Structure formats: structure tokens, C-alpha cells
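The values are calculated or read from the model by the stated rules, or taken from the named source; none is laboratory data. Quantities reported herein were computed from a predicted structural model and do not represent experimental measurements. Every residue, glycine among them, receives a Cβ derived from its backbone with ideal geometry; neighbour counts consider all protein chains shown.
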Amino acid sequence: AQKVTQAQTEISVVEKEDVTLDCVYETRDTTYYLFWYKQPPSGELVFLIRRNSFDEQNEISGRYSWNFQKSTSSFNFTITASQVVDSAVYFCALSEARRGSTLGRLYFGRGTQLTVWP
Amino acid sequence: KAGVTQTPRYLIKTRGQQVTLSCSPISGHRSVSWYQQTPGQGLQFLFEYFSETQRNKGNFPGRFSGRQFSNSRSEMNVSTLELGDSALYLCASSLQSGGNTGELFFGEGSRLTVL
């Protein structure tokens, strides 16, 4: 069974602080995909990153970086020098990648509410 | 390029009624999936459609149904509404189904309140 755990329900930081959002996943599949989505108050889920299980390279995109560690089944997300506009709920998700599997089925964590204070 | 469009954005129904929600995917996208988001259960997969065929279904009762039209637009229907059906219903579209996973693009959702 697939499961994603985001242990941090809420995080509050002050602008310019760095913040790391944790994500731990469970799957029996050897091939899978991991995602991070951002949900602002408008409700739309905004895609941030997709990582496949064979690519353990860390990735940096501007102030965002992701640390994928297969050994610990973790896919953590760090925001450097946080800004008020980063305030949102962040979701980690896992999808299967078996042949013939459904593209659209993501297993989401419960999300982490990030609040960045000015 | 227009994003995923969901209508209506907000609606209020009473118990026992039924509701139909609509989703227009990004042009060229053939796969549409639906999710229910509630404070208690989080984001849960409802179903996915590709080329007018349901490809996968989550663990929801038969009151929840959907369909996809030849232009890839999708609708979902909930019959005999219960208070617990109050939720944000999110639609997502993607280019393909199966095999190599791509990105899911989400709409802003339809917020349903059941009184």
C-alpha cells in the first residue's frame, strides 16, 4: 500500500528564515514518482516538482530545494530565505509508475500549513 | 494557455439532493482525475478518466459517479447528498494515462456545502 506522511501539521517562521518541510513515504513499488504541490488559499494545487525513484539527485530551483533519500524513504523540501508569499499548505504526494498504472492517482500526505510572518 | 476550469466554484445543497460538477481540462489533455478534499480525510482520489473510459476508482460509495465526454470534459455526480459530502472537489488533467507519469494540473475546485 502507498502512504505518505507529513508529520508537521503547521510551521510558522519569520521572513528570511529557512524552513524544511518533511515527507516520508511508504511503497512496495521499486518504481514510483514523488511530488510536491503548493495550495494557496484560492484552493488550486500548484505543481512544484516531480522526482522519479531512480533519480536521487537533489534539486534546487531558486529558493526551493529538495532532498530525496531513498534509504530513509524521505523527500524533504526546503525553502531558503522564506517570504510571506510562501505561506500556503504544502502537500507531498506519491504515485505508482507500473506499466498500465493510472497516471492520475496520487497518494497525498495530510499537508503542512506554512505561515511566514513579516 | 487556459488552465483547468471547474464549475461551479461554490454551491450549497441540502441532504438528499444530487449535484453535478464540471471540469474542462487543459486543451490537449486527455486524462482527467477527481479528488475530494476535506479537513478530516485530506485529499482522496475519486476516479480517473481517459478517452471516455474510467481507468481507476477510489474507495467511495456508488453515489459518486463520473463520466468523460469526447472532448475530454468531465463531470462528476454525487447523488443522495450527505452532510459528509461537504468538501472541495478538485479536478486535475494530464496529457496521458499509464506508463510514464507526467504532471497533474489542478483546477481551483468546486466547494460543495451540504446543509
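Scanning segment B:14-37 for residues that are of a type outside the set (Val, Ile, Thr), modelled with pLDDT of 90 or more and surrounded by fewer than 20 Cβ atoms within 10 Å (Cβ to Cβ) turns up B:ARG15, B:GLY16, B:GLN17, B:GLN18, B:SER22, B:SER27. Against the criterion of being surrounded by 20 or more Cβ atoms within 10 Å (Cβ to Cβ), in contact with a Cys (Cβ under 8 Å, 6 or more places away or on another chain) and either more than 7 Å from chain A (Cβ to nearest Cβ) or within 29 Å of A:SER53 (Cα to Cα) (or both), B:SER74 qualifies.
Looking only at segment A:50-66, residues that are in a strand (DSSP E or B) and in contact (Cβ under 8 Å) with a residue 24 or more places away in the chain come to 3 in all. Here A:TYR37, A:TYR25 are screened, and the one residue that is within 14 Å of another protein chain (Cβ to nearest Cβ), of a type in the set (Phe, Trp, Tyr) and outside any loop (DSSP other than H, G, I, E, B) is A:TYR37. Of all residues in segment B:38-67, those being within 20 Å of A:ALA1 (Cα to Cα) and either more than 10 Å from chain A (Cβ to nearest Cβ) or part of a strand (DSSP E or B) (or both) number 12. If the condition is being β-branched (Val, Ile, Thr) and closer than 21 Å to A:LYS38 by Cβ, then segment A:55-78 contributes A:ILE60, A:THR78. Considering segment A:23-58, and only residues there that are more than 30 Å from A:TRP117 (Cβ to Cβ) and polar (S, T, N, Q), the residue that is surrounded by the most Cβ atoms within 10 Å (Cβ to Cβ) turns out to be A:THR27. Does B:TYR35 fit the bill of being under 20 Å from A:ARG50 (Cβ atoms) and either of a type in the set (Phe, Trp, Tyr) or without any contact (Cβ under 8 Å) to a residue 40 or more places away in the chain (or both)? Answer is yes for this residue. Name the residue that is farthest from the other protein chains (Cβ to nearest Cβ), counting only residues in segment A:1-22 that are polar (S, T, N, Q) and crowded, with 16+ Cβ neighbours inside 10 Å. Step by step, filter segment A:1-22, then rank; the result is A:GLN8. Considering each residue of segment A:1-22, count those that are under 18 Å from A:CYS92 (Cβ atoms) and part of a strand (DSSP E or B), and give that number. Total satisfying the criteria: 8. From the list B:TYR10, B:TYR89, the lone residue that is in contact with a Leu (Cβ under 7 Å, 6 or more places away or on another chain), within 30 Å of A:THR112 (Cβ to Cβ) and touching a residue at least 24 places away in the same chain (Cβ under 8 Å) is B:TYR89.
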